[in-house]
Amino acid sequence: MSLNGGFANRQAYLATHGCPPNRTVHAGLNHGTRISEVTATDGGRVIEATDGLITAAANVALAMTSADCLLAYAYDPDHQVIALVHAGRRGLAGRMMTALVEAFQRFGTRPEHLLVTIGPSICPQHYAVQPADAVPFAAWPAAGRRVGEYVQLDLRLVARRQLEEAGVGQANIAFDPRCTFEEAELFSYRRDHPTTSQLQVGYLMRRS
Ligand SMILES: [Zn+2]
């Protein structure tokens, strides 16, 4: 599903899931917090250096990859706007979920009406980081648990807190409980340590 040499493969896969190549917009991720607005004219393009795509257009699919990171699928039913964002440790340190809500607010979205579902991601038990890497998350002490010389970091909890602090209702935030490290059918960078790029792709489209 990688953009590096596997684009045709990705397009073929998405086409079988109802996302035609000329109506699918792809994100060229760089672990930042930029969220790009796209329209139907962006179909078939790769938007470089962006970890989020948002659109008010119907029948335009948003697509991006993840390994152990979170993909957040968001929908504003009032304004018929959708977004798909990728956030791992670096994105969440930059408050990517706050950026997600702010991106919707430019369309008039009321945060309490926003619906967010987060796909499979690595669980804290399988995500031990250096203490220095946990420092940006000090605002959410429950998200870090010291185990020996490492900190087990709960990226899901950080995402939830950022969404809630931005006004998204607790009941409107859902998580796929599956851990990418534990589930054999899911790809995990931490588990597999691949020498070539291997990724899973997520996509979101609002049909008219
Ligand atoms: Zn796990």
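The values are calculated or read from the model by the stated rules, or taken from the named source; none is laboratory data. Since the model is a prediction, treat every value here as computed from it, not as a measurement. So basically every Cβ, Gly included, is an ideal-geometry build from the backbone, and we count neighbours across all protein chains shown. Ligands, DNA and RNA are stripped out before the accessible areas are found, and what is left, the full protein with its side chains, is counted by its heavy atoms. Shrake-Rupley method; radii C 1.70, N 1.55, O 1.52, S 1.80 Å.
How many residues does segment 22-41 contain that are in a strand (DSSP E or B) and hydrophobic (A, V, I, L, M, F, W, C)?
So the count comes out to 3.
Going by the conditions given, is residue 145 within 15 Å of the ligand (Cβ to nearest atom), surrounded by 12 or more Cβ atoms within 10 Å (Cβ to Cβ) and among the basic types (Lys, Arg)?
Considered against the rule, which asks whether it is within 15 Å of the ligand (Cβ to nearest atom), surrounded by 12 or more Cβ atoms within 10 Å (Cβ to Cβ) and among the basic types (Lys, Arg), residue 145 comes out as yes.
Quick check on my filter: what residues within segment 42-68 are among the aliphatic types (A, V, I, L, M), crowded, with 19+ Cβ neighbours inside 10 Å and assigned to a loop (DSSP other than H, G, I, E, B)?
Those that are among the aliphatic types (A, V, I, L, M), crowded, with 19+ Cβ neighbours inside 10 Å and assigned to a loop (DSSP other than H, G, I, E, B): 57, 60, 67.
Just one of 155, 186, 199 is crowded, with 18+ Cβ neighbours inside 10 Å, within 15 Å of the ligand (Cβ to nearest atom), of a type outside the set (Ser, Thr, Tyr) and at pLDDT below 95; which is it?
The match here is 186.
Which of the residues spanning segment 42-72 are in contact (Cβ under 8 Å) with a residue 24 or more places away in the chain and of a type in the set (D, E, K, R)?
Result: 51, 68.
Go through segment 22-41 residue by residue and tally those that are crowded, with 17+ Cβ neighbours inside 10 Å, among the β-branched types (Val, Ile, Thr) and farther than 22 Å from residue 69 by Cα.
Going through segment 22-41 one residue at a time, the tally reaches 1.
Given the criteria within 26 Å of residue 154 (Cα to Cα), among the basic types (Lys, Arg) and in contact with a strand residue (DSSP E or B) (Cβ under 7 Å, 6 or more places away or on another chain), does residue 10 qualify?
no
Mind checking which pairs have a first residue in segment 1-13 that is in a helix (DSSP H, G or I) and loosely packed, with under 12 Cβ neighbours inside 10 Å and a second that is of a type outside the set (Asp, Glu) and modelled with pLDDT of 90 or more, Cβ under 6 Å, 6 or more apart or different chains?
So the pair list comes out empty.
Has segment 74-83 got any residue that is in a strand (DSSP E or B) and open to solvent by 10 Å² or more (accessible area, probe 1.4 Å)?
yes
Checking residue 120 against (1) more than 22 Å from residue 10 (Cα to Cα); (2) surrounded by 15 or more Cβ atoms within 10 Å (Cβ to Cβ); (3) of a type outside the set (Gly, Ala, Ser), which single condition isn't satisfied?
For residue 120, the exception is condition (1).
So residue 19 passes all but one of these: (1) open to solvent by 10 Å² or more (accessible area, probe 1.4 Å); (2) modelled with pLDDT of 95 or more; (3) part of a loop (DSSP other than H, G, I, E, B). Which condition number does it fail?
Condition not satisfied by residue 19: (1).
Can you go through 119, 88 and tell me which one is within 16 Å of the ligand (Cβ to nearest atom), within 25 Å of residue 187 (Cβ to Cβ) and in contact with a Gly (Cβ under 8 Å, 6 or more places away or on another chain)?
Of the residues listed, the single one that is within 16 Å of the ligand (Cβ to nearest atom), within 25 Å of residue 187 (Cβ to Cβ) and in contact with a Gly (Cβ under 8 Å, 6 or more places away or on another chain) is 119.
Of all residues in segment 84-117, which are of a type outside the set (A, V, I, L, M), crowded, with 19+ Cβ neighbours inside 10 Å and in a strand (DSSP E or B)?
86
Please go through segment 158-176 and pick out each residue that is loosely packed, with under 14 Cβ neighbours inside 10 Å and free of Cβ contacts under 8 Å to residues at least 24 places away in the same chain.
170, 171
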